[in-house]
1. For the pair Gln291 and Ala109, how long in nm is the line joining their label points, each one 7 Å along Cα→Cβ?
2. Fewest to most neighbouring Cβ within 10 Å: what's the order for Val313, Val135, Val5, Val180?
3. Where does the Debye-calculated log10 I(q)/I(0) of region 3-97 sit at q = 0.18 Å⁻¹, using only Cα point scatterers of equal weight, no solvent?
4. Quantify how much of the Cα-Cα distance distribution of region 246-296 extends past 16 Å, in percent.
5. At R0 = 45 Å, how high is the FRET efficiency between Val307 and Asp65 if r is their beta carbon distance? Nearest 0.05 is fine.
6. Taking amide H atoms as placed 1.01 Å from N in the peptide plane, list the residues 5 or more away in sequence, or in a different chain, whose amide H sits under 5 Å from that of Ala333.
7. Which order, highest average first, do 181-191, 259-269, 50-60 follow once you tally other Cβ atoms within 10 Å for each residue and take the mean per peptide?
8. Taking K and R as +1 and D and E as -1, what net charge do the other residues with C-beta under 12 Å from the C-beta of Ala321 add up to?
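Derivation of every value follows stated rules applied to the coordinates shown; laboratory data play no part. No experiment lies behind these values; they were computed from the predicted model shown. Quick reminder, even Gly has a Cβ in these numbers, built from the backbone with ideal geometry, and neighbours come from all protein chains shown.
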Amino acid sequence: MVPVVKPALRRGWRDLNTVQFGMAPAHALTLGPMDSATGSFLDLLDGTRGLPLLREEGRRMDLPDGHVDTLVSRLAGAGLLDDAKGGGPAADTLRAKKEVLDRLRPDLASLSVFTAEPGDAIARLAARRSLRVQVRGAGRVGALLASLLAAAGVGEVDVRDIGRVERWDVSPGGLPPESVGARRDEAPRQAVRRCAPDRPPRRGPTAPPSDGDPGFSLVILAPRDDVAVHAPAPATAEPLITSGTPHLYAGVVEATGVVGPLVLPGETGCAGCLHEGRTDRDPAWPRLVAQWRSGSGRSRPVRPCDVTLATTVAGLAAAHALAFLDGRLPASAGARWEVSLPALNWHSRPVWPHPACACGAGEKVSKGEHTAEDADRHETMGEQRSPMKLCREAEAARPAGTWRAHV
Ligand SMILES: [Zn+2]
């Protein structure tokens with residue numbers, strides 16, 4: 001291990017023997033008591049010295065025997081230490097691609113703020129390169145969202161849509177003006193390739209897309225149609241539920257932006273649960289939805305989609321997607337986050353698992369059957385590592401509450 005005190009967290013002395021790491025309350029920690037000699041020693045943990053050399057430096061500075069090892073393990077235990085050479089073979093491959101890594105450095109530094117173990121941050125970043133995500137819908141939200149995921153290092157972002165790019169699909173970061181008239185699935189793929197810090201080797205011709213492709217770590221539904229955003233059709237997600245593919249909803253309806261729910265099939269509320277819950281609360285809901293949907297196919301004016309709202313939704317949805325892909329459970333699991341113009345207050349509406357929904361999440365809740373086994377089942381759902389398991393590991397690895405700074 002080549003220890004480095006996480007440079008992403010700014011350091012400051014709160015008093016003569018307490019150091020605070022980090023500024024923002026969400027991740028700031030204090031460490032103490034710490035004498036000034038040990039404090040100076042922290043500067044040597046900069047990723048250029050291995051442990052034997054650090055012990056030597058410690059002796060030169062008259063630090064007591066074993067002090068360096070205790071300090072290093074204490075910093076590691078508090079989640080404040082990274083390993084300049086850690087993260088495994090995939091991380092080594094990423095380090096070897098200097099230009100790629102340089103583009104991702106701010107993202108890597110950000111990951112280091114909340115990952116616990118030394119080497120975790122670059123391991124997570126490197127793992128993104130082997131992930132496959134599909135974005136369905138290439139309007140102002142979907143096209144930008146796909147580009148953001150590619151820019152964050154997700155290896156394969158597949159975009160699906162039909163028709164041709166219209167002038168009103170264009171947005172900064174999404175589809176460029178020169179793509180107007182191009183196929184709506186091809187144009188965003190080009191935009192995605194431009195954003196990717198590294199282009200993975202081209203795959204051969206792939207099999208025709210199937211709705212429930214279990215090879216995707218996540219499918220994001222970002223429909224251009226506002227009815228599909230407001231009242232997502234359970235039938236559309238059925239193959240995803242059946243194949244156990246996690247999926248996330250995002251879009252703009254009228255002047256409201258929506259992110260969520262993130263659906264973990266059989267565990268958190270899905271589009272069917274949402275529909276059943278709404279019908280329970282409002283008997284007129286199915287009648288309204290039927291009318292909205294029957295109007296969807298007709299030729300109609302361009303639907304409202306504020307460019308700043310679409311950009312906000314795309315950014316937030318991409319962040320939720322990344323959190324999940326990195327092994328955490330974001331706040332959109334079982335909830336829709338909504339924001340409306342012009343006041344722009346974000347709030348979440350829970351999407352409870354419903355016992356009448358075929359996805360099975362509601363049945364488990366009513367029987368109290370959610371167990372660790374269910375979470376483990378996720379491991380067999382796809383080729384990827386299990387985000388649920390990682391969530392638990394990450395939570396278990398969090399530094400004890402006593403380390404948390406009162407700031
Ligand atoms: Zn359901």
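1. 5.4 nm
2. Val180, Val5, Val313, Val135
3. Ignoring solvent entirely, the Cα scatterers give -0.86.
4. Every Cα pair in region 246-296 considered, those over 16 Å come to 56 percent.
5. That pair, Val307 with Asp65, gives E of 0.10.
6. Counting only residues 5 or more places away or on other chains, the set is Leu262.
7. My ranking of the peptides, most packed first, is 259-269, 181-191, 50-60.
8. That sum, taken over residues with Cβ under 12 Å, equals +1.
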